[in-house]
1. By per-residue mean of other Cβ atoms within 10 Å, what is the highest-first order of 134-147, 151-164, 71-84?
2. For region 191-290, restrict the atom set to alpha-carbon positions and state the Rg and Dmax in Å.
3. Report the rotationally averaged projected area of region 267-329 based on its alpha-carbon convex hull, in square nanometres.
4. With only alpha-carbon atoms in the gyration tensor, what are the semi-axes of the equivalent ellipsoid for region 131-257, in Å, largest first?
5. Modelled label-to-label distance, residue 326 and residue 170, 7 Å Cα→beta-carbon offset: nm?
6. Mind ranking 38-48, 246-256 by how tightly packed they are, going by the mean number of other C-beta atoms within 10 angstrom, highest first?
7. Full-extension gain between residue 178 and residue 217, please, as 0.36 nm times their residue separation minus the C-alpha to C-alpha distance.
8. Calculate the FRET efficiency for residue 45 and residue 76 from the Cβ-Cβ distance with a Förster distance of 25 Å, rounded to the nearest 0.05.
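What follows is calculated from the coordinates using simple rules that are stated; it is not laboratory data. None of these values were measured; they are calculated from a predicted model. So basically every Cβ, Gly included, is an ideal-geometry build from the backbone, and we count neighbours across all protein chains shown.
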């Protein structure tokens, strides 16, 4: 409320000043109206600056100063090459505005790369407002699960898509192999889904490293520049990035952490789908894709059986469950008691009655 009052007072002061001084040579009321509009424009500009980070403000100021210095050098060239007059004045003003504008925009965009926390003092608090950059790998875009995670709201910060990743994705989409072509087009569709997520900011960057040919190494260097994290499901990229001190968000690790916990000794009901690699093994899959290797279940392929879990193997690539099917437990189950049914004979064929012979007296 106090800020609104100060803003209103500022606009009123500017309008009254223009009403008294009449700087535009018009009627006092017209000059007051123009002054009020100028005051409103200044307040709007100040309101937009409140949402800009300190890094961008410093970057914009430095860029503007450098632009004005460059404009001054251009003005010297224009003064010596163009005859004095309106054309010379217009070119000097145009160059000054152009260089100041370009320096302002470029400096503001590159201001996020400034490390103000290293200066300490009042700039140390800016580190808390540091933006979180997450860089997408080609494999995780094609995988598609990143879009589902983003739509649930668990993904925040700025999602960075490098231009060299888009080029690689386009090469896959234009491949002569139908399988690769479908995967590439799927990746492009996933990017469109990410752009439609309301609470997510997608940023395509032009940064490239011509001296590096491998896309994975370019991603690592880009993550170092932006101090961001790489989102991937590539096992090798995960290990190389960790060795170079770059944080990685592995989609496969996230999926494994969300799978239900199975303890040895528990019983689960699975459908034996195929034969295992070892002797007399059967392989089944849970609904989330987890492989279940069952001993003594080779002859039960195509059937649903109860399996006792013996061990669980957790790896970066996924989770494997080992179980055993006890054939003796199936055959040792108690059978249902046999009930004796009374068979009724047809009425048309009554049972024969054998007369009893009684012994005669004295016989």
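1. On the way: 134-147: 22.0, 151-164: 16.4, 71-84: 12.6.
With the highest mean Cβ count within 10 Å placed first, the list reads 134-147, 151-164, 71-84.
2. When restricted to Cα atoms, region 191-290 yields Rg and Dmax of 19.9, 56 Å.
3. On the way: hull surface 16.7 nm².
Quarter of the Cα hull surface area: 4.2 nm².
4. That gives 20, 19, 15 Å for the three semi-axes.
5. 6.2
6. Numbers: 38-48: 13.2, 246-256: 17.7.
Packing proxy ranking, top to bottom: 246-256, 38-48.
7. Between residue 178 and residue 217, full extension yields an extra 11.3 nm.
8. Values: r = 31 Å, r/R0 = 1.24.
After rounding, the FRET efficiency stands at 0.20.
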